[in-house]
Structure formats: C-alpha cells, structure tokens
Amino acid sequence: MNAINRQMTLRRYPDGMPRAEDFQVIEGAVPDIGEGEVLARAIYLTVDPYIRVHISPSMSVGYAPTTPLGAPIPGEAVLEVVRSRHPEFREGDLVAGFGGWQDYCALKGEGLRKLDRGLAPLSAHLGSLGMPGLTAYAGMTKLAEAEAGQTVLVSAALGGVGAVAGQLARIKGCRVVGVSSSAAKCRWAVEELGYDACLDRTAPDFRDQVAAACPDGIDVDFENAGGEVFWAAFANMKAYGRVIVCGLISDYNADAPPPGPDQSPNLLRTIALKRVVMKGLMVADFWDLRPRFLQEVGGMIRDGRFKSREFIVEGIENAGLAMIDMLEGRNFGKTVVRVAEDPLL
Ligand SMILES: NC(=O)c1ccc[n+]([C@@H]2O[C@H](COP(=O)([O-])OP(=O)(O)OC[C@H]3O[C@@H](n4cnc5c(N)ncnc54)[C@H](OP(=O)(O)O)[C@@H]3O)[C@@H](O)[C@H]2O)c1
C-alpha cells in the first residue's frame with residue numbers, strides 16, 4: 001500500500017496545561033497485518049480527558065501507562081476496515097477500536113466492536129454511544145440510586161459523560177442542575193439537553209448559585225470536575241446523598257497540590273454528619289453493560305428523546321489543539337477529530 005500513515009505524537013511531555021508545541025505530526029509507513037488482525041483506516045479519533053494522563057509520566061497509572069515520545073497518542077477511534085486476516089471482519093466494515101491518533105492501524109479482531117450504521121451518526125460511537133456514554137450509564141443506573149423528584153448535579157454537563165448522565169437523570173424525572181463554563185454553554189445545556197438549570201462555574205458567586213439552584217440540597221453529585229466545583233456541590237449535599245466520583249478534570253494539569261489548609265477534616269466531617277456516600281466509578285467494571293446501554297440509549301437517540309452532539313474538529317494536525325481546547329472547556333459536546341471522509345454523511 002502506497003498511502004502515508006500520519007501520526008500525531010508527542011514532541012515532549014507537557015508541563016502543566018499542554019501547549020501546541022508539545023505535539024507533532026510525523027509520517028510513517030502503513031503497518032503490515034498478521035493472522036487474526038485487520039488493517040483499519042481512521043475516520044474519527046477520540047479526544048478524551050484520560051489521554052492527558054497518558055501523556056504525563058508523573059500521572060502514569062495502571063490503566064493509562066505513559067506514551068513514549070514519538071509514538072502515536074493512544075485512544076479509541078472509529079475506523080473502516082481496509083484489509084482483513086480475521087474471519088469475522090471484511091473490507092468496508094465500520095468498527096471502533098484502540099487505534100490511536102493515526103491514519104492506519106493494525107489491530108487484533110478481538111479488540112474491535114462492529115458499529116451499527118443505523119443507530120446514530122458514526123461520531124456518536126466515541127461519545128454518547130461510546131466509552132463516555134457507557135460511563136454515565138453505569139454511574140446513573142448502577143451507582144447513583146437517583147429517584148424521580150430528587151436533585152442531581154452534573155459537572156462538565158455538556159461533555160461525553162455529562163450530557164448522557166444529565167439526560168438519563170432528566171428522563172428518570174429528577175431535577176437536573178448542570179455545571180459548565182460559559183453562558184452560551186449553559187443555555188445550550190438547558191435548551192437542548194433539557195437541564196432544569198445550568199450554572200457557570202467561572203462566576204464569582206458560583207457557590208451561592210449552587211445553593212440557590214438546589215434549595216432542598218443535592219441528592220446525587222455526578223462529579224466530573226473536582227476542585228472548586230466539587231466543594232460547591234459538597235457543601236450542599238442532602239442527608240444520605242451520593243457523590244459519584246467519575247473524574248477530576250480540574251486536577252489533570254495541576255503541577256502542585258492546591259494551596260491552603262488540608263480539607264480532609266471538612267470532607268470527613270460532612271460525610272459523617274450527613275451520612276453522605278461517595279462511590280468511585282471506573283467504566284472498566286461495566287463493559288458487560290454495553291449491549292443493554294446501546295439498546296436503551298441508542299433507542300432513545302433514534303426516537304429523538306435523547307440528544308447526542310459531538311464537537312467535531314477537522315484534521316489530525318489539529319488533534320493536539322482539540323485536546324487543549326477540551327481541557328480548557330472550549331468544546332461544545334464530546335470532542336472528536338475527523339481525519340477522513342465519513343462514509344455515512
Ligand atoms: N471514571 C471513569 O471510568 C471515566 C470514564 C470517562 C471519563 N471520565 C471522567 O469524566 C469527566 C468528563 O469526561 P468527558 O469525556 O465527558 O469530557 P468532556 O466533558 O467532553 O470534556 C471535558 C470538560 O471538562 C470541563 N472542565 C475542564 N476543565 C475544568 C476545570 N478546571 N474545572 C471544572 N471542569 C472543567 C469542561 O466542561 P465545561 O466547560 O462544561 O465546564 C470540559 O469541556 C472527566 O473528568 C473524565 O476524566 C471518567
């Protein structure tokens with residue numbers, strides 16, 4: 001094959017918030033495939049917060065080992081099979097798999113999932129119908145114990161996880177309060193996603209706004225942010241409330257602990273006095289929920305009860321910038337990068 005394989009790699013590890021110069025596109029060969037593998041061409045690449053963990057040696061954890069400099073940045077992608085040596089895949093199949101930020105990848109057939117062309121736009125398979133959506137579905141159906149009439153607060157309210165968590169809570173009959181970072185994003189959360197209210201976390205009186213929007217307290221804090229957003233929510237938890245600790249994006253670019261006194265006594269005192277329960281959420285515990293999740297959330301997207309919108313950035317050369325924009329909250333919905341023509345458009 002004569003094609004060139006463009007790969008978005010790291011030139012150096014970011015120090016704090018990544019910068020455009022930390023990334024570089026290099027050109028490599030299209031890989032060969034062995035028995036049981038497919039060669040796939042990327043159509044959409046995901047830009048997820050967990051990728052930030054992969055590109056920083058000091059943050060390396062078991063599920064996200066550090067990416068070597070010069071190697072394609074890891075992440076899931078929507079792909080088209082261009083050659084197959086696996087009995088279950090044929091040229092032209094549309095699949096999702098961990099191809100990384102590059103045009104072509106060789107993947108074992110076992111690591112791929114075939115995509116239903118009729119369910120939703122292809123890009124949704126990295127967002128509402130992908131890993132972020134499954135995370136929200138697992139948190140809301142297995143951990144949150146939210147009931148109709150209860151108040152659910154969702155941070156990063158428009159994103160891959162938040163938009164699904166918020167809409168599932170709304171459909172359940174909860175009062176749903178979103179948190180985002182601008183008036184325009186908050187308006188979209190209310191008008192398009194059906195949040196009852198959405199608060200701008202950058203407002204100087206944000207804490208007061210949380211108290212005013214949740215006059216009876218918060219039953220479920222679906223926590224995607226951490227930091228100031230978490231503390232504002234936590235101060236308003238209702239007795240027996242649940243905090244679903246999904247993500248702490250406010251901390252992902254921090255190079256030092258926050259200044260000020262140790263907050264753990266405040267945390268533990270409130271947990272005890274209000275009998276608040278904190279539950280950690282890791283999507284890896286819930287892969288087996290995927291068929292039910294696709295049926296339920298996919299069905300609601302198809303019949304129009306559920307909105308799914310991706311923030312589509314064009315071109316692999318812009319993948320690093322797209323990640324910076326996502327970390328700084330400039331994305332309107334789940335970020336994906338389109339690197340080739342979408343055959344379904
Ligand atoms: N536990 C798991 O298994 C699992 C799986 C997937 C994702 N997650 C976590 O879920 C969270 C959301 O992920 P996602 O994929 O849905 O991302 P996303 O919401 O599509 O994009 C990230 C959003 O985070 C918000 N944000 C950025 N900096 C922030 C800050 N300093 N304080 C508060 N909010 C900030 C911004 O939203 P606004 O501008 O709207 O505030 C930004 O748009 C992340 O923390 C991620 O790590 C966890």
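Data table
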quantity: Positive minus negative residues near residue 132 (Lys, Arg vs Asp, Glu; Cβ under 14 Å); calculated: 0
quantity: Measure of compaction for region 263-345 (Cα Rg per 2.2 N^0.38 Å); calculated: 1.63
quantity: Above-threshold pairs, the threshold being 21 Å between Cα atoms, out of 142/279; 238/279; 114/185; 172/334; 185/238; calculated: 114/185; 172/334; 185/238
quantity: Semi-axes of the equivalent ellipsoid for region 131-284, Cα gyration tensor, largest first, Å; calculated: 21, 18, 16
quantity: Most positive-pole-ward Cα, 160, 214, 137, against dipole of region 131-284 from beta carbon charges; calculated: 137
quantity: Loop-located trypsin sites (Lys or Arg not before Pro) in region 209-293 whose Cβ has at most 15 other Cβ within 10 Å (DSSP); calculated: 275
quantity: Stokes-Einstein D in µm²/s, Kirkwood radius over Cα pairs - the chain at 37 °C with 0.692 mPa s viscosity; calculated: 158 µm²/s
quantity: Lys, Arg +1 and Asp, Glu -1 on Cβ, resulting dipole of region 131-284 about Cα centre, debye, nearest 20; calculated: 400 debye
quantity: Selection from 190, 225, 270, by position along the positive dipole direction of region 187-272 (Cβ); calculated: 270
quantity: C-alpha long axis of helix 162-171 to longest principal axis of the chain, angle in °; calculated: 60 degrees
quantity: Within a Gaussian network of the chain (alpha carbon springs, distance under 10 Å), most fluctuating of 259, 204, 72; calculated: 259
quantity: Selection of GluC sites (Glu not before Pro), region 1-80, meeting DSSP coil and at most 12 other Cβ within 10 Å; calculated: 35
quantity: HN-Hα J in Hz across region 186-194 - Karplus 6.51, -1.76, 1.60, θ = phi - 60°, x for Gly and Pro; calculated: 5, 4, 5, 4, 6, 6, 9, 9, x
quantity: Low-density loop positions, chymotrypsin sites (Phe, Trp or Tyr not before Pro), region 229-265 - DSSP coil, at most 12 other Cβ in 10 Å; calculated: none
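Rule-based calculations on the coordinates, nothing more; no lab input. Keep in mind the model is a prediction, meaning the values are calculated, not measured. We place every Cβ from the backbone using ideal geometry, glycine too, and count neighbours over all the protein chains shown.
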